[in-house]
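Notes to accompany the following structure.
FYI, it's all coordinate maths here, none of it is from the lab. Keep in mind it's a predicted model, so treat the numbers as computed, not measured. Methodologically, a virtual Cβ is constructed for each residue, glycine included, from the backbone with ideal geometry; neighbour enumeration extends over all protein chains shown.
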Amino acid sequence: MTARTTTLTIGGMTCAACVGRVERKLGRLDGVAASVNLATGRATVRHPDAVSVDDLVTTVEAAGFTAQLPEPEGPQHPDDERQLTTPDDDTRGARHRLLVTALLSLPVLVLSMVPGWQFRHWQWLCFVLAAPVAVWGAAPFHARALRGLRHGAATMDTLVSLGVTASFGWSAWALFLGGAGAPAMTMPFSLLPTAGDGSAHLYLEAAVGVPLFVLAGRHMEARARRGTGAALRALAELAAKDVAVRVAGEERRIPVERLRAGDHFLVRPGERVATDGTVVTGGSALDLSLITGESRPVEVGPGSAAVGGALNSGGLLEVRADAVGADTQLARITRLVEDAQTGKTRIQRLADAVAAVFVPAVLTVSVTVLGFWLGAGADPQAAVTAAVAVLVVACPCALGLATPTALLAATGRGAQLGILVRGPQALERLRRIDTVVLDKTGTLTTGRMTVIAVTARTDGLGPDPALRLAAGVEQGSEHPLARAVTTCARDRDPGQPLPPVSDFTALPGHGVRGTTDGHRVEVARPGDPAGLPAPLGDAVRDAGTAGHTAVLVTVDGTPEAVLAVGDALRPDSYRAVDHLRRLGLRPVLATGDRAATARAVAGHLAITELHADVTPEDKAALVTTLQQQGARVAVVGDGVNDAAALALADLGIAMGSGTDAAIGAADVTLVREDLQAVADAVRLARRTLGTIRANLVWAFGYNLVTVPLAAVGLLNPMLAAAAMSASSLLVVGNSLRLRAWQPGGGPARPGRGGTGRRTTTAHRETA
């Protein structure tokens, strides 16, 4: 039986108890598993084909909530007949209700709390002001409580509704039947509930304070939760709405949805690249900071890749579309961030399990407290006060918000830094790893062959002329070594074209030769270093020691220069490996390259454990061996040969420039071209899990302290309402701190084989 995943937007959820109810109801369907996120208001449901989306929606509605498929992306047309309530409409309505409630409630709170201002019949004015608050202001709580009652469910709204109803109902009885309506009646205010003094007390301040504080708390909470998703919205806003395409030499603008792979489109300065493609003509600098976290603009020209969403900060570009729609890098990033925000940590699942029975337990405690105090002979109003305070102070909201708000903030911040985490389970594993297996090519190195050093013969042509002649001959070859030589020559003298080559001949397994600029030039593997003039022989030996490939340039029969060609280390590799060690992680180098190259790279990076000449199967076996030794292993790679090890590891980390197979097998993708993102990802995971634990400790601890205080009569219902709202705000506020998180780690300390040595080697030239 095949299964598929459907995302539903759930309405009416206010606390973790609501989350648990939706998940339980959906889970009772055959073959259905659901994960509901309170912060985003969405449910991710995995279900067999036999269970339709309509079945899922009906089940959610039967639980007392609303459900619908998310609105499709794309422009809304004026002739669209659907009238949907937007989030902005909901926000405006909630803000209007809050403002009216505050205007009516403030006089009641002031008069109830300042006995000196209590004039004749003040209590009747407070009753008139409190009535619309208790009925209309608290209407959302009453409506949701009734809806839950019809479906046999109790939620946070049930507690608030009962608290307001009990406070207002008791006050109405006291005014009309209990003697509190006397013209000269005054009521002292105390932070603690007071014992009976022969006349009934009013609780109008609690009847208005509870809905006022809860409405205010939820309004601020909604604004804060919207802030946690700011990074995801920023990603969505990077997508272009329309694009200028060039067809048969003519330019016209079309909606970006009509763009197809192979189309040519224009990107002017200040515009964003419409989709992933390749630059055809023009040159510019692209700002990728919002996509990859790379702070420096990237220079592009003909043949360069252009990432959709990048901002063109230079000249006019003509780009050929290579991927459109859901296949673009921006779309993949957005999906990964969305997926990461829908999961739950193991500790959050425990919190949800507690929340599922929390509200019924609170109702039971409240009734028990009322019965106990009445049975013990306490004054009825003291018993009611304690019971109402228990109802109001209990707060499962914080339990439900502890994990999702932290995940929203952390995954959004990670996306800004170029770190994409698939979900909370990956965060948990990322925090616990102690060993990092690093691939070499494309991970520690750039993955591109480059000329590392040029050593010229003493009293010869010199390094630059010898390199230029070698590049002139290599123009006729497609070998990676040839491309490295020609690229180096062009970079050194960008304004000068390479001389043409004639009589070109490729020598398989040896090199190339040809005539260029009036000279007969051969670029080939050197023979015995001892037969070469100084310092060329030394250069050949040094290249072999460093794991580089030595290429001898012979001009008119005379050896003129030795080129050391190799896969250069990424500029940040040493610092990145150093940071991993500082975090207590053990770096291991595993590469399919030969031992000499592996030893050279390991020496530069001060990595003591290395494995060379390994096949993909060997890498996977290495991961298994390390795990059997008790290590929690992360693998960092970028190629197809790394996919098996990435999938087998406790945590797979793929470079964003790598293959789709590697990215698909990984739990974490590093979008920015910076290996230090590995250490940043570990730090972010540790900070996020720490924030989640702190949130849950507060959420559990708050209820463990305040519910007993309310039960023994030491907590005023109005203060209980304020405390309940504050608990949710503290949880959300603590999570929001992740939005401003900055990667730590000081500068790398130079050591044996550090960056200083590598840089010197890379730029050595001998005349």
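Odds and ends about this structure:
- Rg and Dmax, both from the Cα atoms of the range 3-68 and both in Å, are 10.4, 31.
- Each residue, V53 and Q68, gets one label point 7 Å from its Cα in the Cβ direction; the gap between the two is 1.2 nm.
- Added length on full extension, which subtracts the Cα-Cα distance from 0.36 nm per residue, Q496 to A534: 10.7 nm
- The order of V19, V324, V454, going from fewest to most other C-beta atoms within 10 Å of their C-beta, is V324, V454, V19.
- Summarising the amide proton neighbourhood of M185: residues at separation of 5 or more, or on other chains, whose placed amide H is nearer than 5 Å comprise H121.
- Across the range 383-388, computed HN-Hα scalar couplings (Karplus, 6.51 cos²θ - 1.76 cosθ + 1.60, θ = phi - 60°) run 5, 5, 4, 5, 5, 5 Hz from first to last residue, x flagging Gly and Pro.
- Extension gain for I254 to T458 (0.36 nm times residue separation, less C-alpha to C-alpha distance): 67.2 nm.
- Hypothetical label at V357: residues of the range 363-388 whose amide nitrogen lies under 15 Å (7 Å Cα-Cβ projection): 363-365
- Couplings 3J(HN,Hα) for the range 403-410, derived from phi with the Karplus relation 6.51 cos²θ - 1.76 cosθ + 1.60 (θ = phi - 60°), are 8, x, 5, 5, 5, 4, 5, 5 Hz, where x marks Gly and Pro.
- Per-residue Karplus couplings for the range 473-489, computed as 6.51 cos²θ - 1.76 cosθ + 1.60 with θ equal to phi - 60°, are listed in order as 6, 5, 4, x, 10, 9, 5, x, 5, 5, 4, 5, 5, 5, 5, 4, 5 Hz, Gly and Pro entered as x.
- Annotation: the residues H142, H510, H579, H219, sorted from fewest to most other C-beta atoms within 10 Å of their own C-beta, follow the order H510, H219, H142, H579.
- Values of log10 I(q)/I(0) for the range 260-323 across q = 0.14, 0.17, 0.20 Å⁻¹ run -0.30, -0.45, -0.63, by the Debye formula with one identical scatterer at each alpha carbon and no solvent.
- Annotation: amide H of D567 within the under-5 Å range of T450, sequence separation 5 or more or interchain, hydrogens built in the peptide plane.
- Cα gyration tensor category, rounded, prolate or oblate, for the range 574-653 with a/c compared to 1.5: oblate
- Local net charge near L461, Cβ-Cβ under 12 Å (Lys/Arg +1, Asp/Glu -1): -3
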